[in-house]
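The values are calculated or read from the model by the stated rules, or taken from the named source; none is laboratory data. Please read all numbers here as calculations on a predicted model, not as lab measurements. Positions of Cβ are backbone-derived with ideal geometry, glycine not excepted, and every protein chain shown enters the neighbour counts.
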Amino acid sequence: MNESLDPVMVLRSEHETVRTVLNNLEGYLKKIGSVSSNGLRNSLINQLNEITAFMDKDLETHFKKEEDALFPVLGNYIGIETGPIHVMLIEHKRSRELSAEFKIKIGNYRSNNDYESIIGVGSSFRQLLSEHIEKEESILFNMADMQLSQDEKRGIMEKMRTIIK
């Protein structure tokens, strides 16, 4: 199946973009903790707003593609209430919670200068999402490749195309 028509390949490709953003996040968080200049720290924290914009738009769209298109069809084979899909849904929820908390910490920085809480929440988010991607790629996506028919993949792809950023 053509990569542009295979929903699993599309989701894997989107994971590469997420990994790049997570690597950038990790770099910013390390620098924020190691710089001594408040001006430089402020500039780095401002860079985090680009990452939160990615989380709100691109990452949320990716989650919706999985939740609304892939998971319901794959769930017919492996279930949704327990097992890998259930775990992925819990991790999506936790990721959204950490993202919201991260934005609050960034917003509060101007008044409290608490960059350590930004580093803590940002690091938790990065770790959760990194581990989450590994689970999806090594377990869930392999199950999808084994279980789903070409017609099911086409249907999932059609549904994914309706999910707009």
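Remarks
- Some residue of segment 147-162 being free of Cβ contacts under 8 Å to residues at least 24 places away in the same chain, within 23 Å of Asp58 (Cβ to Cβ) and either surrounded by 14 or more Cβ atoms within 10 Å (Cβ to Cβ) or of a type in the set (A, V, I, L, M, F, W, C) (or both): no
- Cβ-Cβ contacts under 6 Å between residues 6 or more apart (or on different chains), taken from a first residue in segment 93-121 that is charged (D, E, K, R) to a second residue that is in a helix (DSSP H, G or I), are listed as Glu101/Val121; Lys103/Thr52; Lys105/Ser117; Lys105/Ile118; Lys105/Val121.
- When Lys65 is tested against (1) crowded, with 17+ Cβ neighbours inside 10 Å; (2) within 30 Å of Leu44 (Cβ to Cβ); (3) touching a residue at least 24 places away in the same chain (Cβ under 8 Å); (4) among the basic types (Lys, Arg), exactly one condition is not met: (2).
- Sole exception among (1) out of contact with any Pro (no Cβ under 9 Å at 6 or more places or on another chain); (2) crowded, with 18+ Cβ neighbours inside 10 Å; (3) under 26 Å from Arg161 (Cβ atoms) for Leu70, by number: (1)
- Which numbered condition Val8 misses (of (1) part of a helix (DSSP H, G or I); (2) free of Cβ contacts under 8 Å to residues at least 60 places away in the same chain): (2)
- Residue satisfying all of: in segment 5-28; touching a helix residue (DSSP H, G or I) at 6+ places or on another chain (Cβ under 9 Å) and of a type in the set (D, E, K, R); surrounded by the most Cβ atoms within 10 Å (Cβ to Cβ) among these: Asp6
- Boolean, Glu97 is more than 19 Å from the chain's Cα centre (by Cα) and modelled with pLDDT of 95 or more: no
One line per residue, one yes/no per condition, for (1) in a helix (DSSP H, G or I); (2) within 30 Å of Leu44 (Cα to Cα):
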site: Pro72; (1), (2): yes, no
site: Asn76; (1), (2): yes, no
site: Ile80; (1), (2): no, no
site: Glu116; (1), (2): yes, yes
site: Asn142; (1), (2): yes, no
site: Asp145; (1), (2): yes, no
site: Ile156; (1), (2): yes, no
site: Lys159; (1), (2): yes, no
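- Output for segment 100-132, where each listed residue is modelled with pLDDT of 95 or more and of a type in the set (Phe, Trp, Tyr): Phe102, Phe125
- Count of segment 1-45 residues, restricted to those that are within 20 Å of the chain's Cα centre (by Cα) and of a type in the set (Gly, Ala, Ser), is 2.
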